[in-house]
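Notes follow the structure.
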Amino acid sequence: MFLKFTHELLAVFCTFIFFKTQAQIQGKLVDEQNSPLEYGTAALYEIKSGVLIAGVVSNESGLFIINNVESGMYYLEASFLGYEKKRIDNIIITQNAELLDLGTVQLVLGTQLNEVIVTTERATVLNKIDRQVYEVSKFKSAQGGSGMDVIRNLPSVSMDSQGEISVRGSKGFVLLLNGKPIQGDAGNLIAQLPANAIERVVIITAPSAKYDPEGKAGIMNILTKKGATNGAYGQLNIKAGLPSIETYGNDESHKRHGIDATYNVRTDLWNISLGANYQRNDLGGRREGDVFTIINNTKTLFPSTGERSFDETNYSGRFTVDFTPSNKDSYSLGFFAGKRSKDRLADIVYFDNHSLTPANSVNRDYTFQYFNHNLRERKGDFILGSIDWLHNFQDASELSVSFLYEYTFLGGPTVNQNLGEPDRSILYQDEFNTNDNPLNGIRFQLDYSFKPYEFGTLEAGYQYRDLKHTGDFIYERRTDFNDNFQLVPEFSSEVDLERTIHSGYLQLSGKKGKWDYSAGSRLEVMDRKFRLKDKSNTVDETLFYDFVKLYPSASVQYSVNDNTNIKVAYSKRVERNSTFKMNPFAEREHSETLEQGDKNLRPEFIDLVDLGINKDMKGGNSLFVTTYFRHVENVVNRVNTVYNDTILNRIYSNAGNAKAIGLEVGAELKPTKNWSNFIGANIYNYSINGSFDNRVIDTDATIYSFNVNSTWRFWENASLQFTMNYLSDTNTAQGEDSRFYSPNITFQKSFLDSRITATLQWQNIDMGLLKTNEQRISTRRPNEFFTTTNYIYEVDIVMLNLSYTFKKGNNKSKFIDSEFGKKEF
């Protein structure tokens, strides 16, 4: 009763305020199980002449709206790829008509056979008013891998040697999974998603007020595969890697193998999905470093070389139940549990370490060398649960309610031993630091889509998020293997963060003639409480940071013709700080580095502006070009200071403001029927202006990246694909990161009526001729320090993936994933 009263009250309110002048036709496209069909087409024709009056595309709820329809007689054709076209006749619009609701329009598969073979090839990218939608099946090199292997091929995306993802050069972006906001670290979450389970990736570069304002580069929405018919679906994927061709002198051989399985069964009322995943994904490598510091006119040099490798293991299980008792209501319950571990081993020899006094002399005060064994283990156990409800009203308005709870336990020790060289039985220093980081997070979200009117659709919503993250950090040291570890109080601490956010939004969107438009604003109230305490009881303080902020957004698109669109968009964003970046107590990262945060770290506030053009051409060719501007206030950078003669202190700090002005280009080119290419490039000028530790920061550089994806189809069930990902030199607050690139070749062949698909991959092609998967990172501060480290990671990796579909239904699996914890992993 309350929902009905609220719905009617809102409808009356909007009717009173807004004046409707022309008729509107609306409806909802669904499949045979009444599931919404996004990107379906509704075309309105005049009966007498057969002339096309208007054509629109359905949204994610299956809703389509045709505005400004004059009086007359019409018919409508509804269609969706792979489904039979449906015609609705005798649509009569009178002079006094305001709204004609066609209700639910159900489409059926294009044939009554068990399978449908569609020979038309989907485009790699679909451009819309505020986003680009990428078809994952086009990226063969990702098969059998993770989501990271998928998104590294997108024009906006680049990845460096540390596995950090950037969108248009920014590492801050929000990740959605099937439209649900994920507060966890994007890179860690994407690495856990099997590539085989992803259907599309959506990049929203200037998001509307409907979305949470977090993320300075916008939003990435990962959509998992969905099916359309009742029945069962099952798929098993197995991958294995050949032994390493290049071992880099690493102590242990690296393992790469995995298995993931999905089973989905669907009826008219129920949709049940189960999934399990195991992945072992090690990576060999080494590092070569050269560092010097200057203290009181004494210069200390400590060059180094040695192993730097990763061992990574993931286990996870997922379970989701959807219940749809009618075409008005649907309910969903999801559960996820997983265990993760990622070990980084750095066994480094520091050779020819020496001190010079004065700093510019050649006279050595001493010469010393030692071996550093550094093992950093990072573990995480996750338990998540979510429940969702969606209600459709008769006039196509919608109410959705979502609740998510997450418990995450994070932790893991770091072992740092400085030993003699070549006699490694000698112990100079043995340090052990560990932490327990339990995290609890909840999110409640309420969204309402108002009854559409001539001027457009009104949407309103409210979101509540609460995060509690506690940490207990223990730092111990000894100088003799026979001694017990002793607590180091100044490096041991307790850190508690609690952050509560209330936000609400109002948004209007619509279409008039050749114009599409959207405008809205989101109001956010944030309260942050941050308590710090060290183990020596000399520090015990609580810091508060609260604000009320308005985040406006707007976008407009003009259709020059059926094949060409021009669009412009603006969005105000925020990038919040993780607990790790705010923890002011130092942690021993490795022999030459301490790492700490800034307790007074402020969020970054961002202004984004996009101006773009999309062009579809004959033969499946297309082009889009977008210019963009991004201004970041309170930009957070990782900066270094000198802690002592052989240790730098790495600090996260607000280093001023940053600007990026860039051009993004994407093209799909098909020179022949069997040869297709997708090419994306991004070039931008990036500048940072500010200060740190009473020193001016003023850096400016032009940065570019490109991704090439070229596929040759031999016959219907075999293809060869070449991909190339390249990132140019990049400037930072105190230095630069060198170029980084990775070429790959993939051969794919299907057997047994496509039930078995074999994928052979040659990753990080090098053959001893290139510098693939290698990046040099340098930082400097005149007259204080200089550091340069070359990270060299494994090349010429050969992988084989086998995929077996043992039930030939369609996949309707939908899973939840981490909302909070992975941001701190």
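Tell me yes or no: at least one residue of the stretch 199-218 is at pLDDT below 70, crowded, with 20+ Cβ neighbours inside 10 Å and not in a loop (DSSP other than H, G, I, E, B).
Looking through the stretch 199-218, none of the residues is at pLDDT below 70, crowded, with 20+ Cβ neighbours inside 10 Å and not in a loop (DSSP other than H, G, I, E, B).
Is it the case that some residue within the stretch 723-732 is under 27 Å from the mean Cα position of the chain (by Cα), in a loop (DSSP other than H, G, I, E, B) and modelled with pLDDT under 90? So far as the stretch 723-732 goes, yes, one or more of its residues are under 27 Å from the mean Cα position of the chain (by Cα), in a loop (DSSP other than H, G, I, E, B) and modelled with pLDDT under 90. Is one or more of the residues making up the stretch 673-696 in a strand (DSSP E or B), within 29 Å of Asp610 (Cα to Cα) and either basic (Lys, Arg) or not assigned by TED's automatic domain parsing to the domain that holds Phe624 (or both)? Checked against the condition, which is being in a strand (DSSP E or B), within 29 Å of Asp610 (Cα to Cα) and either basic (Lys, Arg) or not assigned by TED's automatic domain parsing to the domain that holds Phe624 (or both), the stretch 673-696 yields no hits at all.
In this structure, Asp329 does satisfy being charged (D, E, K, R) and under 30 Å from Pro36 (Cβ atoms). Put simply, of Asp251, Asp290 the only residue that is out of contact with any Phe, Trp or Tyr (no Cβ under 6 Å at 6 or more places or on another chain), among the charged types (D, E, K, R) and part of a loop (DSSP other than H, G, I, E, B) is Asp251.
Restricting to the stretch 366-412, and then to whatever is among the acidic types (Asp, Glu) and at pLDDT 90 or above, can you tell me which residue is nearest to Thr298 (Cα to Cα)? Of everything passing the filter in the stretch 366-412, Glu377 is nearest to Thr298 (Cα to Cα). Within the stretch 479-534, being polar (S, T, N, Q), farther than 24 Å from Ser397 by Cβ and over 25 Å from the mean Cα position of the chain (by Cα) holds for Thr479, Asn482, Asn484, Gln486, Ser492, Ser493. Set side by side, the residues Gly680, Gly735, Gly662 differ, and just one is touching a Pro at 6+ places or on another chain (Cβ under 7 Å) and in contact (Cβ under 8 Å) with a residue 24 or more places away in the chain, which is Gly680. Can you pull out the residues in the stretch 639-664 that are in a loop (DSSP other than H, G, I, E, B), more than 29 Å from the chain's Cα centre (by Cα) and of a type outside the set (Asp, Glu)? Residue satisfying the conditions is Thr646 alone. Pairing residues of the stretch 263-282 that are within 16 Å of Gly234 (Cβ to Cβ) with residues that are of a type in the set (D, E, K, R) and in a strand (DSSP E or B), at Cβ distances under 6 Å and at least 6 apart in sequence or on separate chains, gives Asn271/Asp322; Gly275/Arg318; Asn277/Asp260. Assessment of the stretch 552-573 against the conditions (modelled with pLDDT under 90 and among the hydrophobic types (A, V, I, L, M, F, W, C)) yields no matching residue.
Sub-7 Å Cβ pairs linking a first residue in the stretch 748-772 that is closer than 14 Å to Phe806 by Cβ to a second residue that is at pLDDT below 90 and in a loop (DSSP other than H, G, I, E, B), at least 6 apart or interchain, are Ser754/Asn717, ordered by first then second residue. Taking the stretch 789-801, which residues are assigned to a strand (DSSP E or B) and either outside the structural domain of Gln775 (by TED's automatic domain parsing) or buried (at least 17 other Cβ atoms within 10 Å of the Cβ) (or both)? Scanning the stretch 789-801 gives Thr789, Asn790, Tyr791, Ile792, Tyr793, Ile797, Met799, Asn801.
From the list Asp534, Asp466, Asp483, Asp496, the one residue that fits, being modelled with pLDDT under 95, surrounded by fewer than 20 Cβ atoms within 10 Å (Cβ to Cβ), in the same structural domain as Asn621 (by TED's automatic domain parsing) and touching a His at 6+ places or on another chain (Cβ under 9 Å), is Asp496. Any idea which of (1) outside any strand (DSSP E or B); (2) loosely packed, with under 15 Cβ neighbours inside 10 Å is the one Ala359 doesn't satisfy? Going through the list (1) outside any strand (DSSP E or B); (2) loosely packed, with under 15 Cβ neighbours inside 10 Å, Ala359 breaks only (2). Name the single residue, out of those in the stretch 392-411 being surrounded by 18 or more Cβ atoms within 10 Å (Cβ to Cβ) and not in a strand (DSSP E or B), that is farthest from the chain's Cα centre (by Cα). Once the filter is applied, the top-ranked residue is Phe393. If we keep just the residues of the stretch 72-101 that are of a type in the set (Asp, Glu) and in a loop (DSSP other than H, G, I, E, B), which is nearest to Gly456 (Cα to Cα)? Filtering the stretch 72-101 for residues that are of a type in the set (Asp, Glu) and in a loop (DSSP other than H, G, I, E, B), the one nearest to Gly456 (Cα to Cα) comes out as Glu98. Give me a count of the residues in the stretch 316-338 that are in a strand (DSSP E or B) and basic (Lys, Arg). Residues meeting the conditions: 1.
Could you please let me know if Thr313 is part of a strand (DSSP E or B), within 27 Å of Leu384 (Cα to Cα) and either in the same structural domain as Gly412 (by TED's automatic domain parsing) or not small (Gly, Ala, Ser) (or both)? For Thr313, the condition - part of a strand (DSSP E or B), within 27 Å of Leu384 (Cα to Cα) and either in the same structural domain as Gly412 (by TED's automatic domain parsing) or not small (Gly, Ala, Ser) (or both) - is met. Determine whether the stretch 317-328 contains at least one residue that is surrounded by fewer than 17 Cβ atoms within 10 Å (Cβ to Cβ), in contact (Cβ under 8 Å) with a residue 60 or more places away in the chain, over 30 Å from Asn418 (Cβ atoms) and not polar (S, T, N, Q). Within the stretch 317-328 (the criterion being surrounded by fewer than 17 Cβ atoms within 10 Å (Cβ to Cβ), in contact (Cβ under 8 Å) with a residue 60 or more places away in the chain, over 30 Å from Asn418 (Cβ atoms) and not polar (S, T, N, Q)), the answer is yes, since at least one residue qualifies. The single residue among Gln463, Gln507 that is within 26 Å of Phe580 (Cβ to Cβ) and touching a strand residue (DSSP E or B) at 6+ places or on another chain (Cβ under 8 Å) turns out to be Gln463.
Residues in the stretch 246-255 include none that are assigned by TED's automatic domain parsing to the domain that holds Thr788, surrounded by 17 or more Cβ atoms within 10 Å (Cβ to Cβ) and among the small types (Gly, Ala, Ser).
Taken together, the criteria exclude Asn694 from residues that are surrounded by fewer than 19 Cβ atoms within 10 Å (Cβ to Cβ) and touching a strand residue (DSSP E or B) at 6+ places or on another chain (Cβ under 9 Å).
The values are calculated or read from the model by the stated rules, or taken from the named source; none is laboratory data. Just so it is clear, the model here is predicted, and its values are computed rather than measured. In this analysis, Cβ positions are derived from the backbone assuming ideal geometry, glycine residues included, and neighbour counts consider all displayed protein chains.
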